[in-house]
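Rule-based calculations on the coordinates, nothing more; no lab input. These numbers come from a predicted model, not from an experiment. Positions of Cβ are backbone-derived with ideal geometry, glycine not excepted, and every protein chain shown enters the neighbour counts.
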Amino acid sequence: MTALLPPLRLVSATILRGGELQKRSLVIEDGVITKGPLPEVDMSGYLILPGIIDLHGDAFERHIAPRPSAPFPIAAGLRSTDREAAAHGVTTAWLAQCWSWEGGMRGPDFAEEVMAALETYRPRALTDLRLQLRCETHMPETRDRMLAAIRRYGIDYVIFNNHLPETLELAESAPHKVTQYAERGGRTLAEFLVTLQAAKERGRDVPRHLCALAVAFDALDMRYGSHDDPDGETREYYRIIGARIAEFPTTAAAAKLARACNDPVLMGAPNVVRGGSQSGNVSALHLVARGLCDALVSDYHYPCLAQAAWVLVDRGVRDLPGAWDMISKVPAEIMGLADRGTLERGKRADFVVVNAATREIEATVSGGRLAYLSGEAGARLIGTMRGVRLAAE
């Protein structure tokens, strides 16, 4: 693990604190935000904003397997993911790993390998990397195994997926796509179709399975929710069993039901940046404008988190404090992380330094440790830290 930054007082920057942009200093010492007359760093011309908290990202899959037929060691993929996240201002991130009948990189075997690799890598990580388990609903036969893995590796976040209906439909309407899924999981098309049919036949066991998981998750004080709710009825079904987080509802009706019940709604930042869903679902920008979205996540592209905040600002949908809260303060609240998400004294020193003119992130600090550094901000910080060392000598 990298060493903590020395005590520093960042001055003359505009910082986000208490829901407002303020011209004041930010002091860090021993990995937390504090106060005191410490060595100063002139950060005029910069914004200092809370570190980004990403509740769902699957870009790590591309770092592990840049091409489906060219996998690399999981540890190497995690290192690369960690560095990419830090470069884009992320200080806490949940990697979205499937537990699916699809097999291959999305099957239980691989999920357990990722959990083990992440546990080994975490002490050396630049950012706080965690794992979100994307649990396909039609796998009751794996419940005991999954719960054992959750307990062993300290998984704190699960999302229920049900991609079976759309995959069965594709098997009829576009079998070439299902062939690709089969090959990705190391199976023939015939073997994959048998897997799909077996999962379908377990349908009557799914409600009891999900209820049993919910009871176990509650006992472990975990957060859990559902993915791609297509309508209000589906969202209501999941919230009844305790799956309160609505991740990527595909329609405004599902998002409305969630907000009416005070269930947090998560949407993809790429959806905001691109101006719409890549899969043709409801526009995230539309939901944010209507007050039907609480937080944004990276989905498949880390750069879009900060970019989405600026899109909301430029379109007049949110001011900067409100937009940035959607990728920092609110995600922390959803996950019950009281030690981060804002720049209040006593919190973890998680923050990003943004060039006010270019909007580029030039430094990321996670837990008081330097995770990313570039540009003029980097030069100022390095110069000050060198001076601190010389004075100490």
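Towards the positive end of the charge dipole of the chain, with charges on Cβ (+1 Lys, Arg; -1 Asp, Glu), say which of A253, P140, P7 has the farthest Cα.
Toward the positive end, the furthest listed residue is P7.
Helix 189-201 versus the longest principal axis of the chain: what angle, 0 to 90°, nearest 10, using Cα atoms?
Approximately 90 degrees, to the nearest 10.
Return the FRET efficiency for the residue pair W310, R290: r is the Cβ-Cβ distance, R0 is 25 Å, and the value is rounded to the nearest 0.05.
It comes out at approximately 0.80.
What is the antiparallel percent of DSSP beta bridges lying wholly in the chain, to the nearest 5?
45
Taking the Cα centre of the range 52-334 as the origin, how large is its charge dipole in debye, to the nearest 20, when only Lys and Arg (+1) and Asp and Glu (-1) carry charge on their Cβ atoms?
Details: 31 positive and 37 negative charges, 57 e Å.
Here the size comes out at about 280 debye.
Which of V158, V215, V352 moves the most in a Gaussian network model of the chain with Cα springs under 10 Å?
Among V158, V215, V352, the largest mean-square fluctuation in the Gaussian network model of the chain belongs to V215.
With n ≥ 4 as the cut-off for DSSP H runs, can you work out [θ] at 222 nm for the chain, using -39500 (n - 2.57) per run divided by the number of residues, rounded to the nearest 500?
Helix-only estimate at 222 nm: -12000 deg cm²/dmol.
Counting pairs of alpha carbon atoms under 8 Å apart in space and at least six apart in sequence, what relative contact order in percent does the chain give?
Once normalised by length, the contact order is 21 percent.
Can you tell me the orientation of helix 175-184 relative to the chain, as the angle in degrees between its alpha-carbon axis and the longest Cα principal axis, to the nearest 10?
The two axes meet at around 60 degrees.
Between A252 and A379, what's the calculated FRET efficiency when r is the beta-carbon distance and R0 is 56 Å? Round to 0.05.
0.75
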